[in-house]
Amino acid sequence: MKLHELQPPKGASKRKKIVGRGIGGKGGKTAGRGTKGQKARRQIPAGFEGGQLPLMQRVPKLKGFTNPFRVAYTPVNLDALVALGLSDVNPDVLVANGLAQKKDLVKILGRGTVASAINVSAHGFSESAKSAIESAGGTVTVLDKPFSVRPPAAGNQHQNR
């Protein structure tokens, strides 16, 4: 036996059925696809859901989560308060000097040193800022937030609606 005489056993390989070559014999006209309808046409794209918005388009593109209940503060450091040269500082004074915007919640942070007594009113204080102001002889007043913070969830997801 030679290499050119090799062939598969009888019935092992079968020629692919050729369809759609005229009306003579089977496989003509509709070529085994039935009549009309979407599946009788050309190929349907992968992920096609019959006109409904496909899953790949419904899923958001960007990852991550934005907490709707996050309380955002405008940070103001001690060195900025000292640079103002005032003895009484509150959010209205900070707005007037361009350190905060009108409806911002202000948090005082501890960068810088305080030499003289300052009376500071703000919505939040870091521990280092609070101790620095009080050690210099000043006072710290925590203002109320203009809204109530959502209470922590109790129970399970079915009870929390």
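Convex hull volume of the Cα atoms in the chain, per residue, in Å³?
432 Å³
Given +1 on the Cβ of Lys and Arg, -1 on the Cβ of Asp and Glu, and no further charges, what dipole in debye does segment 60-104 carry about its Cα centre, rounded to the nearest 20?
The calculation lands at about 520 debye.
Suppose we flag chymotrypsin sites (Phe, Trp or Tyr not before Pro) only when DSSP calls them loop and at most 10 other Cβ atoms lie within 10 Å. Which is the longest uninterrupted stretch of the chain?
70-146
By the scheme Lys and Arg +1, Asp and Glu -1, what is the net charge of all other residues having a beta-carbon under 15 Å from that of Asn97?
-3
Please compare each pair in Lys61/Lys103; Lys10/Lys36; Lys16/Lys39; Lys63/Lys130 to a cut-off of 28 Å on the Cα-Cα distance and tell me which ones are over it.
With Cα atoms farther than 28 Å apart: Lys61/Lys103; Lys10/Lys36; Lys63/Lys130.
Distance in nm between label sites at Gln43 and Asn119, each 7 Å beyond Cα in the beta-carbon direction?
7.9 nm
How would you rank 56-62, 85-91, 111-117, 31-37, highest first, on the average number of other Cβ atoms within 10 Å across their residues?
Ranked by mean Cβ neighbours within 10 Å, highest first: 85-91, 111-117, 31-37, 56-62.
Mind checking the dipole of the chain: about its Cα centre, +1 per Lys or Arg Cβ, -1 per Asp or Glu Cβ, Debye to the nearest 20?
3260 debye
Which FRET efficiency, nearest 0.05, do Asp92 and Asn67 yield, Cβ-Cβ r, R0 35 Å?
0.75
Would you calculate, for the chain, the mean residue ellipticity at 222 nm contributed by helices, counting each DSSP H stretch of 4 or more residues as -39,500 (n - 2.57) and dividing by all residues, to the nearest 500?
Rounded to the nearest 500, it is -4000 deg cm²/dmol.
Along segment 121-137, what does the Karplus equation 6.51 cos²θ - 1.76 cosθ + 1.60 (θ = phi - 60°) give for ³J(HN,Hα), rounded to whole Hz, x for Gly and Pro?
Residue by residue, segment 121-137 yields 10, 7, 7, x, 9, 7, 4, 5, 5, 4, 5, 5, 5, 5, 6, 7, x Hz.
Can you tell me the Rg and the Dmax, both Å, for the Cα atoms in segment 19-59?
Answer for segment 19-59, Rg first and Dmax second: 15.1, 49 Å.
What are the residues whose amide H is under 5 Å from the amide H of Asn77, where those residues sit 5 or more places off or on another chain and H is modelled from the backbone?
Counting only residues 5 or more places away or on other chains, the set is Leu109.
Among Pro54, Ala129, Thr139, flag the residue with its Cα farthest along the positive direction of the charge dipole of the chain, charges on Cβ as +1 for Lys/Arg and -1 for Asp/Glu.
Pro54
So how many Å³ per residue does the convex hull of the Cα atoms of segment 73-142 work out to?
Enclosed volume per residue, from the Cα hull, is 67 Å³.
Place +1 on the Cβ of every Lys and Arg and -1 on the Cβ of every Asp and Glu in segment 1-98, take the dipole about the Cα centre, and give the residue among Ala72, Ala83, Ala31 whose Cα lies farthest towards its positive end.
Going by the Cα projections, it comes out as Ala31.
Hey, got the dipole for segment 19-59? About the Cα centre, +1 on K and R Cβ, -1 on D and E Cβ, debye to the nearest 20?
Dipole of segment 19-59, to the nearest 20 debye: 260 debye.
Here, each number is a calculation from the coordinates, and none is a lab measurement. From a predicted model like this one, the values you see are computed outputs, not experimental measurements. Virtual Cβ from ideal backbone geometry, glycine too; neighbours counted across all protein chains shown.
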